[in-house]
1. Check which residues have an amide H placed less than 5 Å from I54's amide H, if you skip close sequence neighbours.
2. With a 1.4 Å probe and all protein chains kept in place, how do E73, E346 rank by accessible area, largest first?
3. With the chain treated as a Gaussian network of Cα nodes joined by springs under 10 Å, which of G131, G249, G210 yields the largest mean-square fluctuation?
4. Rounded, prolate or oblate: which one fits the range 309-423, using the alpha carbon gyration tensor with axes a ≥ b ≥ c (rounded when a/c is under 1.5, else prolate when a/b beats b/c, else oblate)?
5. Tell me, what ³J(HN,Hα) does each residue in the range 360-368 have, in order and in whole Hz, if you take phi through Karplus 6.51 cos²θ - 1.76 cosθ + 1.60 with θ = phi - 60° and put x for Gly and Pro?
6. Put V347, V101 in order of accessible area, largest first, 1.4 Å probe: what do you get?
7. Select from the chain the helices, each a whole stretch of DSSP H, whose alpha-carbon atoms run 24 Å or more along the helix axis and whose Kyte-Doolittle mean is at least -0.5; answer none if there are none.
8. In debye, nearest 20: dipole of the chain around its Cα centre with unit charges on the Cβ of K, R (+) and D, E (-)?
Amino acid sequence: CAPRSIESQRIITLHLLLLTTCTLTHAFAPSSRIIESRRFALVKPLALSAKKKIAIGIVGPGLVGGELLSQIEATSRQLEKQGLDVTVSAISELKPDADGVLQPWMICSDQTITKQAFQDALQDHGAGQRGDFMQMADHLQSVADHAVMFDTTASEIVSNMYAGWLKKGVHVVTPNKKVGSGCLDRWRECIDAMESTGAQWGDETTVGAGLPILNTLRTDLLATGDTVETIEGIFSGTLSYLFNTFEPGMAFSDVIADAKEKGFTEPDPRDDLSGTDVARKVTILARQCGIDVALEDVPVESLVPEPLRNWSPEEGHILADAFVSEMAKFDDEKTALMEEAEAAGEVLRYVGVVDVTNRKVSVELRKYKKSHPFAGTQWADNICAFNTERYKPQPLVVQGPGAGAAVTAAGIYADFLKIAATC
C-alpha cells in the first residue's frame, strides 16, 4: 500500500486521542460537560517540548497517603516520559502545638516536597504553617495550571471541602466515602461544581480500593449503553474474611477473635459487623445508576446482636476482647445458619445489593450455592457481580484484594493518572 500522507496520519492520531479522552473521562464521578469540555485537552501536549505541569496536595499522609508519596517518588521517571511535570506542592497533617494539642498544619512549597522532607518538617516545630484547606488549594493553583487535591483521610471535615475545591477547578482524588454516600445535597453540589468548571473527582477507591468497580460500571457498562439490572458484591474485606473462614464446627465469636488478631477488625469490631461501611458502598454504586438513595434509607442487616449495639465493657477491660466474649453468648444463632447452609450445599456471604430494575438497595447476609462466584472468594477478597442486559446468564465479575494501603494508594494514583491525561 502507498504510505499515508503526514496530514492523514495527523488526523488519525487526533481521532484516536479524542476517543481516548472520551473513554477516560467516563471513569470519574459523572459530569456531562467534562466529556465535552475536556475533549480537546489532549491536542496541546502534541507539542513535544512542553510538559504538562501539575501541582498536587495531599491531606492526611498516613498509611495510604504515605504509600502514595512513595509510589509517586518511585515512578518519577515514568511521569516525565508521559510528558508530566508533577510537583507535590502541599501536604497537610495534624501536628501538636507547643502544648501538645493536635492542630491542623500544612507545608507548602513551589518545589516538590519529598516524603522525607515532609517527615522532617513534621518533627520541626518551626516548619510549616497553620492548616487551611482552601489556602492549600490556592497555593497549588499558583504553582501550576493544573491542581489536584488528594484526600487520604476518612474525615468528614476534609470531605466537606470537595465542593469548594471543585468550584475552583481543582481536581479531587480520594478513597473517602463520606461525600459519595453522604448527604444528597452535598453530593449534588459536587456534581454541579464539576459541570460548571470541568474539574474531575477520582473516586474509584471508595468502593473496592484498587479494584476497578466504579470504572467498570461507568465506562464499560453505562457509557457503552448497557442496561444494568443488579449489582451484588462482597464489599468488606473484614466480613469477607469472617465468612470465608467460618465453617461448620466453628464458633462465630472465635472467628471474630481470629480476625481481630490478624488485624482485620476495627478497634471496636461493631464498626465492621454493623454493615455501615458496606451500606456506604452500595449507596455510591446506586447513585451512579441514577438512584438517588440516602444512606439512612438503606436497609442493613447488622451482625451485631441487639443487646450489644449500645453495650459498653466494664472499666479496665479492652473493648474488642470484651466484645468477643459477649458475642460468644450468641454463637448458636450463627451456628444454626451455617449448618442450614451446609446441608443445602450453600455458603454464607455478607453482601451489598443494588437492584437497579426495582430501584432498591440492601445490605444483608445471604446464602449462595457453592457453584456461585461468591463461594470461591478467598482470604479477604472483595468481589462484585454485574448482571446486565448484555452480561447474562453469567454476570461480569470483578474480584481481588479490596483493602490495604498499597492497593488503595495505587488505586488513587491510577485515578490521578487518568485525570492527568485528560485535564
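The values are calculated or read from the model by the stated rules, or taken from the named source; none is laboratory data. Predicted model only: the values in this text are computed from it and were never measured. Neighbour counts are summed over all protein chains in view; Cβ atoms, including those assigned to glycine, are modelled from backbone coordinates with ideal geometry. The area values use the complete protein model at the heavy-atom level, side chains included, leaving out ligands, DNA and RNA. Shrake-Rupley method; radii C 1.70, N 1.55, O 1.52, S 1.80 Å.
1. Result for I54 returns D85, V86, T87.
2. Details: E73 85, E346 35 Å².
Result of the area sort, largest leading: E73, E346.
3. G249
4. Details: a/c = 2.33, a/b = 1.29, b/c = 1.81.
Since a/c reaches 1.5 but b/c is at least a/b, the shape of the range 309-423 is classed as oblate.
5. 10, 9, 7, 10, 7, 8, 10, 9, 10
6. Values: V347 25, V101 75 Å².
Order by accessible area, largest first: V101, V347.
7. Numbers: long enough: 6-25 (29 Å, 0.99); 405-422 (26 Å, 1.22).
Span-like helices in the chain: 6-25, 405-422.
8. Details: 40 positive and 57 negative charges, 483 e Å.
The calculation lands at about 2320 debye.
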